[in-house]
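What follows is a short report on a single structure.
The values are calculated or read from the model by the stated rules, or taken from the named source; none is laboratory data. Since we're looking at a predicted model, the values are computed, not measured. Neighbour counts are summed over all protein chains in view; Cβ atoms, including those assigned to glycine, are modelled from backbone coordinates with ideal geometry.
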Amino acid sequence: MRKVLFVCLGNICRSPIGEATFNKIAQEKGLSDVLWADSAGVMGWHVGKKADPRTIKNAAKHDIEITHLGRKLSKEDLDAFEHIVVMDEQNFEDVHKFYYDTKKTPPSAEKLFLIRDFDPTVRGVHDVKDPYYEGEEVFEEVFQTLWRSNEAFINHLVEKHDLQPKASD
Ligand code: 4NP
């Protein structure tokens, strides 16, 4: 099983959508036995809490149920997950520092990167917009950004590791 951890600031808006879209695409492609995602926050403000109601409502429009409860990124996560995938430059800096302080060596570009490195529409800016202080339409924009980025990310993983779909999925 290849494990991916999506990380944002609060773990109630963007990273739960990253996790849910990754797992949904993996399931649709028959890859849920070999790919699995979880999510966590840089900050511990929402530990044990459900995702933002707007996150849950918007995902439900796409037939995705978000049941994740908030948790904070831990030292154990740095080894437990093959890839740590962040939403914006600030998350990248925060996680990079946490990794370096913990392990005394920087993370590789394979280990830690921005999810929009895989967004085929990216021109310049690489951040997934923080929707927390925005309207519901931004939650849909975030969902679409993460869906198309995760499709490309999963295609990359399939090619790199020669992953085979399970026929019965
Ligand atoms: P997220 O969004 O990092 O995508 O989960 C936020 C969630 C909560 C807060 C900020 C951003 N907050 O300030 O509590």
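The table for this structure:
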| quantity | calculated |
| --- | --- |
| Candidates LYS129, LYS111 - the one that is of a type in the set (Lys, Arg), under 22 Å from ASN155 (Cα atoms) and touching a residue at least 12 places away in the same chain (Cβ under 8 Å) | LYS111 |
| Any pair with Cβ under 8 angstrom, 6 or more apart, that starts in the range 1-28 at a residue that is at negative phi and hydroxyl-bearing (Ser, Thr, Tyr) and ends at one that is within 16 Å of the ligand (Cβ to nearest atom) and in a strand (DSSP E or B) | SER15/PHE6; SER15/VAL7; SER15/CYS8; SER15/SER39; SER15/ALA40; SER15/GLY41 |
| Residue check, ALA109 within 22 Å of ARG148 (Cβ to Cβ) and of a type outside the set (D, E, K, R) | yes |
| Count of residues meeting criterion [part of a helix (DSSP H, G or I) and either in contact with a helix residue (DSSP H, G or I) (Cβ under 9 Å, 6 or more places away or on another chain) or of a type in the set (Phe, Trp, Tyr) (or both)] in the range 120-137 | 1 |
| Lone qualifier among THR102, THR145, THR121 - being closer than 25 Å to ARG2 by Cα and surrounded by fewer than 18 Cβ atoms within 10 Å (Cβ to Cβ) | THR102 |
| Single residue of ILE66, ILE84, ILE17 found to be crowded, with 19+ Cβ neighbours inside 10 Å, under 25 Å from PHE139 (Cβ atoms) and more than 12 Å from the chain's Cα centre (by Cα) | ILE66 |
| Test: residue in the range 93-106 that is hydrophobic (A, V, I, L, M, F, W, C) and in contact with a helix residue (DSSP H, G or I) (Cβ under 7 Å, 6 or more places away or on another chain) | no |
| For ALA167: the one exception among (1) at pLDDT below 95; (2) of a type in the set (A, V, I, L, M, F, W, C); (3) surrounded by 12 or more Cβ atoms within 10 Å (Cβ to Cβ) | (3) |
| Residue within the range 128-145 that is under 14 Å from the mean Cα position of the chain (by Cα), within 16 Å of the ligand (Cβ to nearest atom) and more than 16 Å from CYS13 (Cβ to Cβ) present | no |
